[in-house]
Structure formats: structure tokens, C-alpha cells
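Read through the structure below, which is laid out as C-alpha cells, and then see the notes.
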Amino acid sequence: MNAGGEAMWMGRALRLAARGRGRTSPNPMVGAVIVKRGQVVGEGWHRQVGGPHAEVWALRAAGRRAKGATVYVTLEPCCYHGRTPPCTDALIAAGVAAVKCACLDPNPRVSGKGVQRLRRAGIRVEVGLLEEEARRLNEGYFKRVETGRPFVSLKAAMSLDGKIATTGGESQWITGEEARRFGHRLRARHDVVLTGIGTVLADDPALTVRLARGRTPLRVVADCQARTPPTARLLSADERPPVIAVGMRAPAARVGRLEQAGATVWRLPARAGRLDLAALMERLAEEGANTVLVEAGGTLAAGALEAGVVDRVYFFVAPLLIGGAEAPTPVEGKGVRRLAEAWRLGPLKVRRVGGDVLLTGEVVW
């Protein structure tokens, strides 16, 4: 088969994999397409954590037609017993002739071993087809496995003159309805949405996903002194109980009231009276979070940048001017004294979202 045809099948597998977004963590999103004599005979994707993997769904769809076929899969097939049996065994038992993987799995229990297992069974294996696209699809999974931290995105909505609220604290709504819907889709794509105590006290957000088919991620508040009110909306929302991340010295009485209100409380290290955000990210990774969306005010945004945990920014810019020297901005904190110390972004992507503009860029560390 020519390279164009192979890229087409792998592209189809990647699109299938993306259907599992938000439902597979801590596992990666994976898609598989089984092709025989130029025709798709089976396909599938990893639909949710704990369920069958993509290769298994595809093999079930193909049945006996899988024998002698080529399997296009977006990640190296697993080769160990986890929640489900090894996919390598299923592929071998089905009698497939070839497996083309987009990339190796960074998990040390799999990396290279799945390919070796298939090759020892006489299956032709090739790795690298649309590898860059496959790694980008699972950027959170790759970062968590390789670094012990999730992939973190920082979101903000501001006026054209860089304000996130008026001098009186009014912030709802700077952007239009389409941008807000886009923001809810962003939440649904992440495993965790993180905000700070300042936002909780000022806006009392629920941090839920208000979409017909949206899934609310784990909601986390960085609250060093456990100041979150037990009556906060995020504690009464009909969702998975939120996590309140507090410092080691947070008052026990406040912590107890939060736990009685239904919150899960994590005690984490703090520095200079502020929660250690690097430690928080490591704890989230231990809990299986591949991706985190930070939706907060300028203090937590600055803290996340200063801690070196931000990978990408999503900044919505609305066509209005607010003014005011005291009006809050998306990134506050101490700031930098020299431009050479500023946080740099890679090439920006610019798109219109309703009447607003969305700027997206990767942080260059």
C-alpha cells in the first residue's frame, strides 16, 4: 500500500481515538483500524478507562476477517495484564499479518516490549506513521508518564486592554456567549479544572460543564488556608466532590468543616504562604490526571507560571476597553523586572470565536 493510503488509515485511527477524549485517563486515547485488501473490516477506540482497548473493539468488529489483515493503531499495543488483558495477545490470536503503530508507548511496562512481542510472533511491525500527530493527541499522557506531571493549560478572558474585571470586581461577562461555550468545551476536554481561593471568594463558581453531553472534570481549589466557604456552589453542585488543596498548617477546624460539607481535602506543602503548585501537579499526576485546565485570577496564574508548570495558554480577548490602574489583569504576582525574564510563547494560533478572538500558544521553557 502506498504511503498516502497508509496515512489515510492512520488518520482515521487518530480521529477515532479522539472520541475517547476526557474519558480514558489515566490511560491514553487510542484508535485502531483494521484493513484487508484495501477495505476497512474493523475499527474501534478506547471508550473509557477500565473498558476494552481500541484493538479489542476493532478485532471484535472484524471477526474472522482480521486474519491476514493490517492493523493501524495510534499507540503501541499493551503487553501486560492491567484492567484488561494484553492487546498484543489478542492481535496474535486473531492472526493479523502486520501492525503499524504511530508511536511507542512511553510507559516503561510497554515501551518497545509490545512491538517485540508482536515481532516474535511473526507479525510485521512498523512504528512512526503520523507519530507527531499521535503524540500531540496524547500530549497529556506523554507528559505525565515522562515527567510525573500533567499537561497544564492556562485559560483567561480579558478586555482588549488586558483587564479580567472592572475596578469594582465585575467580570461576568467580558466575553460573548460563543466564547463561554468554547470554554465549557475546554473544561470537558480536561481531566481537572483548577481555580484559586480568590476566584472562589469573588465569583463563587460551580466549575461544572454546562453542555448537553459534556463531562465535568475533577474540580480542584488551591486554598492554602482552607478559606473556601462550606456553602460554596462547587460544594453543592451535583457532581463529583471537589478537592480542596490546603497547606500543611491550614486550620484544622476549617478543614473539618470542608470535609463535613463533602469536599476531599489534600494537605500539601506551601511556600511563603502559598500552596506549592508543583507539588499539587505531582499529586494530580499520581491520581491519574493527564491534563489540567487552570481557570483562575491573576494571582494563581502568576503562581503557576512562576512554578514552571504551565504548558499552554488560551487567552480570549473581547472587543471592549475597561481601563483602571487597579483593575485586575490575567497575570499578576511580582512580575518580571527585565523583558529577558518574561515568559515566552511559541507561534500563536489566532481564531475568531463569535465576536471575540482566541489566542493560543505554547509556553517556551
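The values are calculated or read from the model by the stated rules, or taken from the named source; none is laboratory data. This structure is a prediction, so every number in the text was calculated from the model and none was measured. As a convention, Cβ positions derive from the backbone with ideal geometry for all residues, glycine included, and neighbour counts pool all protein chains shown. Remember, those area values only see protein heavy atoms, side chains included, never the ligands or the DNA or RNA. Shrake-Rupley method; radii C 1.70, N 1.55, O 1.52, S 1.80 Å.
Can you go through CYS87, CYS79 and tell me which one is farther than 30 Å from LEU293 by Cα, surrounded by fewer than 22 Cβ atoms within 10 Å (Cβ to Cβ), touching a residue at least 12 places away in the same chain (Cβ under 8 Å) and over 22 Å from the mean Cα position of the chain (by Cα)?
That would be CYS79, the only listed residue that is farther than 30 Å from LEU293 by Cα, surrounded by fewer than 22 Cβ atoms within 10 Å (Cβ to Cβ), touching a residue at least 12 places away in the same chain (Cβ under 8 Å) and over 22 Å from the mean Cα position of the chain (by Cα).
Would you check if GLU131 is crowded, with 16+ Cβ neighbours inside 10 Å and acidic (Asp, Glu)?
Answer is no for this residue.
When you look at LEU305, is it at negative phi, modelled with pLDDT of 95 or more and assigned to a strand (DSSP E or B), yes or no?
The answer is no for LEU305.
What do you reckon, is ARG274 within 26 Å of ALA206 (Cα to Cα), surrounded by 12 or more Cβ atoms within 10 Å (Cβ to Cβ) and touching a Cys at 6+ places or on another chain (Cβ under 7 Å)?
Yes, satisfied.
Yes or no: ALA285 assigned to a helix (DSSP H, G or I), within 30 Å of PRO230 (Cα to Cα) and either open to solvent by 20 Å² or more (accessible area, probe 1.4 Å) or touching a Gly at 6+ places or on another chain (Cβ under 6 Å) (or both)?
Spelling it out, ALA285 is indeed assigned to a helix (DSSP H, G or I), within 30 Å of PRO230 (Cα to Cα) and either open to solvent by 20 Å² or more (accessible area, probe 1.4 Å) or touching a Gly at 6+ places or on another chain (Cβ under 6 Å) (or both).
Residues that are modelled with pLDDT under 90 and over 21 Å from GLN260 (Cβ atoms): find the helices (runs of 4 or more DSSP H) completely inside segment 162-246 holding 1 or more of those.
197-203
Tell me which of these ALA7 doesn't satisfy, since it passes every other one: (1) open to solvent by 30 Å² or more (accessible area, probe 1.4 Å); (2) out of contact with any Leu (no Cβ under 7 Å at 6 or more places or on another chain); (3) of a type in the set (A, V, I, L, M).
Just one mismatch for ALA7, condition (2).
Output the residues belonging to segment 308-365 that are among the hydroxyl-bearing types (Ser, Thr, Tyr) and farther than 22 Å from THR199 by Cα.
Result: THR360, single match.
Restricting attention to segment 181-205, report how many residues are among the acidic types (Asp, Glu) and either farther than 22 Å from ALA285 by Cβ or open to solvent by 20 Å² or more (accessible area, probe 1.4 Å) (or both).
Within segment 181-205, the first condition is being among the acidic types (Asp, Glu), and the residues that meet it are 191, 203-204.
With either farther than 22 Å from ALA285 by Cβ or open to solvent by 20 Å² or more (accessible area, probe 1.4 Å) (or both) added as a condition, the list becomes 203-204.
Within segment 181-205, residues that are among the acidic types (Asp, Glu) and either farther than 22 Å from ALA285 by Cβ or open to solvent by 20 Å² or more (accessible area, probe 1.4 Å) (or both) number 2.
Is it true that THR208 is among the β-branched types (Val, Ile, Thr) and either within 29 Å of ALA279 (Cβ to Cβ) or surrounded by fewer than 21 Cβ atoms within 10 Å (Cβ to Cβ) (or both)?
Values: among the β-branched types (Val, Ile, Thr): yes; either within 29 Å of ALA279 (Cβ to Cβ) or surrounded by fewer than 21 Cβ atoms within 10 Å (Cβ to Cβ) (or both): yes.
Considered against the rule, which asks whether it is among the β-branched types (Val, Ile, Thr) and either within 29 Å of ALA279 (Cβ to Cβ) or surrounded by fewer than 21 Cβ atoms within 10 Å (Cβ to Cβ) (or both), THR208 comes out as yes.
Which one of these is within 30 Å of ARG23 (Cβ to Cβ) and charged (D, E, K, R): ARG312, ARG338?
Going through ARG312, ARG338 in turn, the sole match is ARG312.
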